1. Which residues, counting only those in segment 146-184, are outside any helix (DSSP H, G or I) and in contact with a strand residue (DSSP E or B) (Cβ under 7 Å, 6 or more places away or on another chain)?
2. Look through segment 33-47, keep the residues that are in a loop (DSSP other than H, G, I, E, B) and not β-branched (Val, Ile, Thr), and return whichever of them is farthest from Leu197 (Cα to Cα).
3. Looking only at segment 229-252, how many residues end up being assigned to a loop (DSSP other than H, G, I, E, B) and either basic (Lys, Arg) or free of Cβ contacts under 8 Å to residues at least 24 places away in the same chain (or both)?
4. Taking only segment 199-228 into account, find how many residues are part of a loop (DSSP other than H, G, I, E, B) and surrounded by 16 or more Cβ atoms within 10 Å (Cβ to Cβ).
5. Which of the residues spanning segment 314-344 are within 22 Å of Arg361 (Cβ to Cβ) and outside any helix (DSSP H, G or I)?
6. From Gly264, Gly234, which residue is open to solvent by 50 Å² or more (accessible area, probe 1.4 Å) and at positive phi?
7. Out of the residues in segment 13-45 that are of a type in the set (D, E, K, R) and either open to solvent by 30 Å² or more (accessible area, probe 1.4 Å) or farther than 19 Å from Lys252 by Cα (or both), which is modelled with the lowest pLDDT?
8. Among the candidates Ser126, Ser132, Ser145, single out the residue that is under 21 Å from Asn27 (Cβ atoms), hydroxyl-bearing (Ser, Thr, Tyr) and open to solvent by 10 Å² or more (accessible area, probe 1.4 Å).
Amino acid sequence: MSSLSCDVEVTSPLYKYLQIELTNRCNLRCDTCIRAIPDSVLQEQDLSEFAIRQLKPALHHTRSVHLQGWGEPMLLTDLPERIHWFKVQKCKVSFTTNGSLMAPGQAAELVASGLDSITFSMAGASAPLQDSLRGKGSHAKLWQSMQLLREAKRQQGSETPSMAVSYLLTKETIIELPKAVKRCRPLGLSLFAGVHLTHPATSEQEAMRLYPLDRESSFKRLIRRAHWHAFWGGMRLQLPAFRPDLTPICDKNPLAGCFIAADGSVAPCVFLHPPPSNIVNAGKHIMGSIHQLAVSRKSFGSLHEESLDHIWNKAEYRSFRNVFRRRLKFYNKEIGRVGCGMDAFAKLDLTRSRVRQVFKRIPVPDCCRNCPKMEGY
């Protein structure tokens, strides 16, 4: 029986999402980014017109696209036109921005483009904290950008794009989490999502990360206050795990979509394909497995040579995904047997132990083994 027999996909799969890096250029040099690796120089570029056009057949069976990777999309002067082009292909369109470049005219163009949602990246509720991580003036520009977009929506009588915040959680920024949520209440956000510094690239970034917590209780009061402010602000507060958990597949879900890098490469996720760089004396600054993450790149093909559907159906890529499919299928089957009787907790402990043993026989691909997301963060 061929390898295709255990794969439920067809030649033209339904992509639930595609994350497309229109550019890996950025106007900031945040202390929490791979750009902070000492002596490193990233090879910056924009996704070619040819690669974008190569995506068109696949977009006919794609639900949504997120136009962001390691760069700042608003550096592209034709971003509204790009958004409109993807909307014409019948996809929902979103992107994430650092909020440092938006002007009133740009806000109006984004609303008129048909953009479905926009996420603003935040790293603190106060100017001293955010500016220390992202550069002087970044805090004021971020809040101005969110207000500009809200006003543009009001002027055009539009409910879209929906607005969200991605809040970077570190040992310092979590202290300001309730304040950040409270300040966002008048903006009409649909989602306020806390995110970990998932892939620290230097020892300094490693020291910033908030997970794993030995005593999560030390932040329970902060988290309760943040939930309270979110409730009264009519927004959903979403926070990541703070301790490791049994995970069959990460929340990037490589079964549902993939990442298109600015060089046209097709990778399982954004974290497996950072921009190419020339890292000097990396061993002095990058720790162990983090060094490998920062300098290695995993992809299964390039849009400059093949179509996305062809790359997706390559035997090597199917084999990569089938590992997660097998883990997820077994996990769901076993957890589904636990039930909700009086002995459910005891059954759950036994089931989790059994799943851990099976997962040792179905390990994730090598390129994913050092990723904190595979521990549930």
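1. Of all residues in segment 146-184, those outside any helix (DSSP H, G or I) come to 157-172.
Passing the criteria: Pro161, Ser162, Met163, Ala164, Val165, Ser166, Tyr167, Leu168, Leu169, Thr170.
2. Leu47
3. Going residue by residue through segment 229-252, those that are assigned to a loop (DSSP other than H, G, I, E, B) are 233-235, 239-252.
Filter again for either basic (Lys, Arg) or free of Cβ contacts under 8 Å to residues at least 24 places away in the same chain (or both), leaving 243, 252.
Number satisfying all stated conditions: 2.
4. Kept after step one, since they are part of a loop (DSSP other than H, G, I, E, B), are these residues of segment 199-228: 199-202, 210-215.
Checking the rest, the ones that are also surrounded by 16 or more Cβ atoms within 10 Å (Cβ to Cβ) come to 199-202, 210-211.
The total comes to 6.
5. Hits for segment 314-344 are Arg337, Val338.
6. Matching residue, one of Gly264, Gly234: Gly234.
7. Applying the filter and picking the extreme gives Asp39.
8. Details: Ser126 fails: under 21 Å from Asn27 (Cβ atoms); Ser145 fails: open to solvent by 10 Å² or more (accessible area, probe 1.4 Å).
Checking each option against the conditions leaves just Ser132.
The values are calculated or read from the model by the stated rules, or taken from the named source; none is laboratory data. This structure is a prediction, so every number in the text was calculated from the model and none was measured. Counting neighbours? That spans all protein chains shown, and the Cβs are built from the backbone with ideal geometry, glycine included. Keep in mind that these areas ignore ligands, DNA and RNA; they rest on the heavy atoms of the full protein, side chains included. Shrake-Rupley method; radii C 1.70, N 1.55, O 1.52, S 1.80 Å.
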